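The values are calculated or read from the model by the stated rules, or taken from the named source; none is laboratory data. The structure displayed is predicted, hence computed values, not measured ones. Glycine gets a Cβ as well: all are built from the backbone with ideal geometry, and neighbour counts include every protein chain shown. Remember, those area values only see protein heavy atoms, side chains included, never the ligands or the DNA or RNA. Shrake-Rupley method; radii C 1.70, N 1.55, O 1.52, S 1.80 Å.
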Amino acid sequence: MRTLETGSTTLITGASSGIGRAFAQRIAAAGGDLVLVARREDVLLALADDLERLHGVRVRVIAHDLDGPDAGRALADKVRDTRIPVDALINNAGLGVHGDLAMAPLASATTQIAVNVTALTTLTALLLPPMVTRGRGAIINVASTAGFQAVPHMAVYSASKSYVLTFTRALWREVRGTGVDVLAVCPGATDTAFFDTAGEAASVGSRRTPEQVVDSALRALRAGRPSVVDGRGNALVSWLAPRLPERVAINLAERSVRPTTE
Ligand SMILES: NC(=O)c1ccc[n+]([C@@H]2O[C@H](COP(=O)([O-])OP(=O)(O)OC[C@H]3O[C@@H](n4cnc5c(N)ncnc54)[C@H](OP(=O)(O)O)[C@@H]3O)[C@@H](O)[C@H]2O)c1
């Protein structure tokens, strides 16, 4: 058995669309069984049906809202009740909201933190130990190029993705030698429904496809890297941003996502 392939089971959060859906399609095509998680059960059931028919794999669906302080634990409880051993976890569910903190409802900040940070951390903390015990497994956390810099108008989002990146890099070293691989994948602008919530102003540069993000992630996981940025242009900007003078970096990021005035 190889992780993310035949004989293994991968749990993907945010599998109903975009990058999570592309991960599900790729893993099913490689013969891997899946547990798909998101809020929209009907969408997940239709995808599960397609993948089972096309690839002969087993796909379970858990409809679950990851917003809320205990949402990650509640999902882990549901997984435990199914008695499915999860060999790999892809923490992909996430959202970004464009808008200044002083003008936004508090729920906008707390939801981004709950889904992007709290649920990701809780699921990792609860699903990693059995992987370590079995001596094999994989965890892919979906961060963002926004995690390399402070992005005004998306302060909570960029901070949440910095967390994901730092958390995952540290974890990568903690699990060394256990047989578990850990990776943060950092997409730049990618063509998904993300911008339905984040708004078009949040889109910087040309968009890549979810399939390209999955390619980058799986290649980097095989290479044993702690993190990877999808796309050369995105990699260059992510390398440069932390090396610029602080104010220059913040001002450039602000300009790139500045709200357009009608
Ligand atoms: N697209 C980009 O440009 C881009 C760039 C950098 C990073 N990312 C990251 O990539 C990841 C995937 O996003 P995407 O681009 O594929 O966007 P997307 O198409 O909007 O997908 C987001 C997924 O997250 C799920 N989700 C959102 N809120 C949830 C909640 N409260 N509970 C459970 N599931 C929830 C959604 O499912 P339901 O609505 O069915 O719940 C959906 O499956 C996110 O972490 C995002 O931050 C995206």
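Numbers at a glance
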quantity	calculated
Largest-first principal axis extents of the Cα set of segment 1-129 (Å)	50, 29, 22
15 Å beta-carbon shell around residue 70, net charge (K/R +1, D/E -1)	0
Dipole moment magnitude, nearest 20 debye, the chain about Cα centre, only Lys, Arg, Asp, Glu C-beta charged	940
Percent accessible area from carbon and sulfur atoms, the chain, protein chains only, probe 1.4 Å	53
Debye intensity ratio I(q)/I(0), log10, the chain, q values 0.10, 0.11, 0.15, 0.16 Å⁻¹ (C-alpha model)	-0.47, -0.57, -1.06, -1.21
Expected 222 nm ellipticity per residue - DSSP helices of 4 or more, -39500 (n - 2.57), all of the chain, to 500	-14000 deg cm²/dmol
Solvent-accessible area per residue for segment 9-256 (1.4 angstrom probe, square angstrom)	47
Kyte-Doolittle mean at least -0.5, axial Cα span of 15 Å or more - DSSP H helices of the chain	18-29, 41-55, 120-134, 155-174, 210-222, 246-256
